[in-house]
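> Here it is: the structure, laid out below.
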Amino acid sequence: MSELWLKEWVAHGLPCRVKQHGMGHYCGYCDIPDGHPLARKDYTNDAVAALDVHGGVTYYGDTGQGWRFGWDAAHGDDFHAMIGDHGGRRWTLADAIAETERLAALLAAGGLE
């Protein structure tokens, strides 16, 4: 395994995973199969841009077996140890898992919710 995943599981029929980025924030990812309506789509696709996940989709890429979408907790309204405490949201692993499951629900619905 090339990544150090904090949790790997299946939600809404899709493989999911969460890691903590080297800068300290959490990132969550969901994989979809090649036949999914959003497979091989990127930020320029309206349906991808409309996925209502924290900070929007900030990662997409080919897994070799499908397509991966991800989000991260390193936005202006998030606490980030690298830039100091500005009163932003402090994400927990449980929060990151819940947000990743939310992304999985959106993707399982075809990105149409």
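> Is one or more of the residues making up the stretch 81-95 exposed (fewer than 15 other Cβ atoms within 10 Å of the Cβ), among the charged types (D, E, K, R) and in contact with a strand residue (DSSP E or B) (Cβ under 7 Å, 6 or more places away or on another chain)?
For the stretch 81-95, residues exposed (fewer than 15 other Cβ atoms within 10 Å of the Cβ), among the charged types (D, E, K, R) and in contact with a strand residue (DSSP E or B) (Cβ under 7 Å, 6 or more places away or on another chain): present.
> Under 9 Å between Cβ atoms, at least 6 apart or on separate chains: pull out the pairs that start in the stretch 88-108 with a residue that is farther than 14 Å from Ala11 by Cα and end on any residue that is of a type in the set (Phe, Trp, Tyr).
Gly88/Phe79; Arg89/Phe79; Arg90/Phe79; Trp91/Tyr26; Trp91/Phe79; Thr92/Tyr26; Leu93/Tyr26; Asp95/Tyr26
> If you don't mind, there's one more thing I want to ask. Return the pair list, or none, for Cβ contacts closer than 9 Å from residues in the stretch 55-72 that are assigned to a loop (DSSP other than H, G, I, E, B) to residues that are of a type in the set (Ser, Thr, Tyr), at least 6 apart or on different chains.
What qualifies is Gly56/Tyr43; Val57/Tyr43; Thr58/Tyr43.
> Let me ask something additional. In the stretch 2-18, which residues are of a type outside the set (A, V, I, L, M) and modelled with pLDDT under 95?
Ser2, Glu3, Trp5, listed by residue number.
> Hey, another quick one. Pick out the one residue from Tyr43, Tyr29 that is aromatic (Phe, Trp, Tyr) and modelled with pLDDT of 95 or more.
Of Tyr43, Tyr29, the one residue that is aromatic (Phe, Trp, Tyr) and modelled with pLDDT of 95 or more is Tyr29.
> Separate question: Give the number of residues within the stretch 30-54 that are in a strand (DSSP E or B) and surrounded by fewer than 16 Cβ atoms within 10 Å (Cβ to Cβ).
Residues in the stretch 30-54 being in a strand (DSSP E or B) and surrounded by fewer than 16 Cβ atoms within 10 Å (Cβ to Cβ): 1 in total.
> So, Ala98, is that one at pLDDT 90 or above and within 29 Å of Pro37 (Cα to Cα) or not?
Yes; evaluated as a whole, the condition is true for this residue.
The values are calculated or read from the model by the stated rules, or taken from the named source; none is laboratory data. Predicted model only: the values in this text are computed from it and were never measured. So basically every Cβ, Gly included, is an ideal-geometry build from the backbone, and we count neighbours across all protein chains shown.
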